[in-house]
Amino acid sequence: MHFLFVIDPLDTLNLSTDTSLLLIEEMARRGHQASVATVADLYLDERGAGVRAQGIAIDLRRRPYYHLASAGDHAFTDFDLVLMRKDPPVDADYLFATFMLERAAEVVPVVNDPVSLRLVNEKLAPLQFPQFAAPTLVSNQPARLQAFLAAHGRIVLKPLTECSGRGVELIDQSEPQRVAAYVAVYGGRHVMAQRFLPGVVVGDKRILVLEGEPLGAVNRVPQSANHLANIHQGARVEATTLSAREREIIAAVRPFLLQHHIWLAGIDVIDGYLTEINVTSPSATRQINEVSGTHLEVPMVDRLERLVIRGVGRPQRPCR
């Protein structure tokens with residue numbers, strides 16, 4: 001099989017956390033071929049979508065850790081499946097890429113579904129499940145956000161389009177002026193405020209969900225005074241198990257994921273509250289393997305092979 005990964009530039013990837021490279025390695029062990037491209041390599045004309053891609057071989061023991069074949073233009077019919085795994089920000093370039101991949105999905109399965117990548121915001125999605133969501137406000141009005149701060153005493157502010165803990169700030173009620181400054185940094189756009197959850201001190205759990213079913217989990221314990229529990233922000237990882245409450249959350253979210261054709265998601269839970277549903281490029285596979293002694297890339301590639309065999313995303317008859 002021939003898989004295409006749409007990812008960030010290879011030299012920007014974090015080798016200790018990246019899931020795409022782990023999948024590419026597992027595919028190579030099975031004799032499959034993988035190619036890579038960035039959003040900038042996608043294009044669209046009157047005949048449909050195309051991409052300039054390069055075959056890749058990986059050896060993490062060497063530097064550079066990859067060997068690339070010559071770049072060439074491809075129709076998406078050249079691939080058996082496409083994985084859209086570019087990290088946020090979900091900016092204009094990202095959104096335009098989903099339109100191009102939507103056309104590609106007419107002839108090849110694309111995961112996660114490009115339409116859903118455009119429609120499902122990782123920060124806002126938990127509000128679809130108010131019974132599990134932490135007290136939250138989304139607004140671009142400093143006065144409204146300051147009132148939310150006054151009501152809860154301590155809040156976390158997040159940008160709506162970022163990942164990996166970037167832009168997350170903890171604010172106490174003694175410093176309401178920081179709220180207006182935060183909104184200004186993001187150009188007056190809407191931001192998210194959540195009540196600070198003290199339970200974060202014992203961890204922020206990342207649960208990988210594959211086709212609606214829990215695949216594995218890791219607890220991320222913050223190591224700094226700002227309580228950022230993201231691996232990219234220095235959090236320590238430890239093995240964990242799923243609580244009854246977390247299994248209830250997964251059961252509630254599962255129909256939403258299946259309805260939106262989200263093959264892989266990263267559900268984040270703090271102190272029993274659903275805080276994010278990561279759909280763009282869910283990670284932590286390496287960390288789950290490390291603390292649990294698993295090899296999650298094996299069942300993940302098993303499922304990808306089945307998606308190819310089932311022809312998920314292919315039209316009933318060719319569009320052209």
Exercise for review: Mind listing whichever residues of the stretch 58-89 are part of a loop (DSSP other than H, G, I, E, B) and of a type in the set (A, V, I, L, M, F, W, C)?
Suggested key: L60, A69, A71, F79
Point to revise | Residue pairs meeting the criteria (Cβ under 7 Å; at least 6 apart or on separate chains; first in a helix (DSSP H, G or I), in the stretch 290-303; second not hydrophobic (A, V, I, L, M, F, W, C)) | key: V291/E238; S292/G216; E297/E26; E297/T285; V298/E26; V301/E26; V301/R30; R303/E211
Study note, to complete from the structure: Quick count over the stretch 34-44, residues being assigned to a helix (DSSP H, G or I) and aliphatic (A, V, I, L, M), is 2
Practice item. Mind listing whichever residues of the stretch 134-158 are farther than 13 Å from V191 by Cα, outside any helix (DSSP H, G or I) and out of contact with any Lys or Arg (no Cβ under 8 Å at 6 or more places or on another chain)? Key: G153
**Study point:** Single residue of I249, I288, I309 found to be surrounded by 14 or more Cβ atoms within 10 Å (Cβ to Cβ) and either at pLDDT below 95 or not assigned by TED's automatic domain parsing to the domain that holds P214 (or both)
**Key:** I288
Point to revise | Flag for A75 being surrounded by fewer than 16 Cβ atoms within 10 Å (Cβ to Cβ) and at pLDDT 95 or above | key: yes
Practice item. Mind checking which strands (runs of 3 or more DSSP E) fall wholly inside the stretch 167-286 and carry at least 1 residues that are within 15 Å of the chain's Cα centre (by Cα) and among the polar types (S, T, N, Q)? Key: 273-278
Review point. Being among the hydrophobic types (A, V, I, L, M, F, W, C), assigned to a loop (DSSP other than H, G, I, E, B), modelled with pLDDT of 95 or more and buried (at least 19 other Cβ atoms within 10 Å of the Cβ), is that true of even one residue in the stretch 11-33?
Key: no
Study note, to complete from the structure: Residue hits (the stretch 278-296; among the charged types (D, E, K, R) and in contact with a Lys or Arg (Cβ under 9 Å, 6 or more places away or on another chain)) are none
Point to revise | Checklist (1) over 26 Å from P255 (Cβ atoms); (2) modelled with pLDDT of 95 or more applied to R118, failing item | key: (1)
Check your understanding: Based on what the data block shows, is A180 among the small types (G, A, S), at pLDDT 95 or above and out of contact with any Ser or Thr (no Cβ under 9 Å at 6 or more places or on another chain)?
Key -> yes
Study note, to complete from the structure: With the first residue restricted to the stretch 80-102 and required to be of a type in the set (S, T, N, Q), and the second required to be buried (at least 17 other Cβ atoms within 10 Å of the Cβ) and part of a helix (DSSP H, G or I), Cβ contacts under 6 Å at 6 or more apart or on different chains are T98/P114; T98/L117; T98/R118
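The values are calculated or read from the model by the stated rules, or taken from the named source; none is laboratory data. Here the structure is a predicted model, which means the values were calculated and not measured. Methodologically, a virtual Cβ is constructed for each residue, glycine included, from the backbone with ideal geometry; neighbour enumeration extends over all protein chains shown.
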